[in-house]
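The values are calculated or read from the model by the stated rules, or taken from the named source; none is laboratory data. Source: prediction; values computed, not measured. Reconstructed Cβ throughout: ideal geometry from the backbone, glycine too, with neighbour counts over all protein chains shown.
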Amino acid sequence: MKLEKYMKGVRTCPEAQLDEEFRICDNYPILCSSAFDELNELIGRSRRFKFHQAVPGENWWLYRHVPGKVVVQLGVADEGFISFYGAGDESRKSNGPEVIKHVRFQKTNYHSFVMIHTMFASRGGKNPDVPNLGGAVLCIEDLVKIFQAEDINFCFSRTGYGPNSVKDYSRIVYWPDSDERRVNRKTKR
């Protein structure tokens, strides 16, 4: 799916339907082509994010989105992360060529991730079990601006699940469009 179509859809979608229609939920992953250190420096310099915590012994950092009520986690997108939060696990025998081409593309081209946590920052609110999905949309918009300004390729890796969790890998958002064209080429059978 083209980034512009996805962003237009999330801006107009009622908050209660963001998960079902666009897969915006707690633990929303974005895969990035940059190295972790570069990503961490970019987010750290942005006025839209405020440093929250570095986790000792782990290679990830947390930032609060300003003015939203969500937290982003930055980390290294290793094979295990991409198998779980990306298009899937290429070792599963049930996965066909469509899944495998997305998984391989993601493993080859993305080295870091941003994970948006919609419930982390809401714990002190009236209803801590309700995710702040509207805040996630604002955060996604800010991250897209940063990535595009710095020419960092990215992927909304979990958008391949459409309404009712039906897998539709044409819904995965890749930016720039050249990445989408590369990964969505027809697979030889």
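For the range 1-118, list the helices (runs of 4 or more DSSP H) that sit wholly inside it and hold at least 1 residues that are among the small types (Gly, Ala, Ser) and within 15 Å of the chain's Cα centre (by Cα); which are they?
79-85
Checking residue 78 against (1) under 18 Å from residue 23 (Cβ atoms); (2) at pLDDT below 90: exactly one of these is not met. Which one?
The number of the failed condition is (1).
Please verify whether residue 33 is in contact (Cβ under 8 Å) with a residue 24 or more places away in the chain, out of contact with any Pro (no Cβ under 6 Å at 6 or more places or on another chain) and within 20 Å of residue 169 (Cβ to Cβ), treating the condition exactly as stated.
yes
Is there any pair with a first residue in the range 56-75 that is over 9 Å from residue 115 (Cβ atoms) and a second that is β-branched (Val, Ile, Thr) and in a loop (DSSP other than H, G, I, E, B) whose Cβ atoms are under 6 Å apart and which are 6 or more apart or on different chains, and what are they?
From residues that are over 9 Å from residue 115 (Cβ atoms), the pairs are 70/118.
Can you tell me how many residues in the range 132-142 are in contact with a helix residue (DSSP H, G or I) (Cβ under 8 Å, 6 or more places away or on another chain) and either of a type outside the set (Gly, Ala, Ser) or not in a helix (DSSP H, G or I) (or both)?
4
Among the residues of the range 32-78 satisfying the criterion of being buried (at least 19 other Cβ atoms within 10 Å of the Cβ) and out of contact with any strand residue (DSSP E or B) (no Cβ under 9 Å at 6 or more places or on another chain), which is nearest to residue 111 (Cα to Cα)?
Looking at the filtered set, the residue picked out is 42.
Among (1) within 22 Å of residue 20 (Cβ to Cβ); (2) at pLDDT 90 or above, where does residue 178 come up short?
Here residue 178 clears every test but (1).
Within the range 54-69, restricting attention to residues that are modelled with pLDDT of 90 or more and not basic (Lys, Arg), which residue is nearest to residue 144 (Cα to Cα)?
Looking at residues that are modelled with pLDDT of 90 or more and not basic (Lys, Arg), I get 65.
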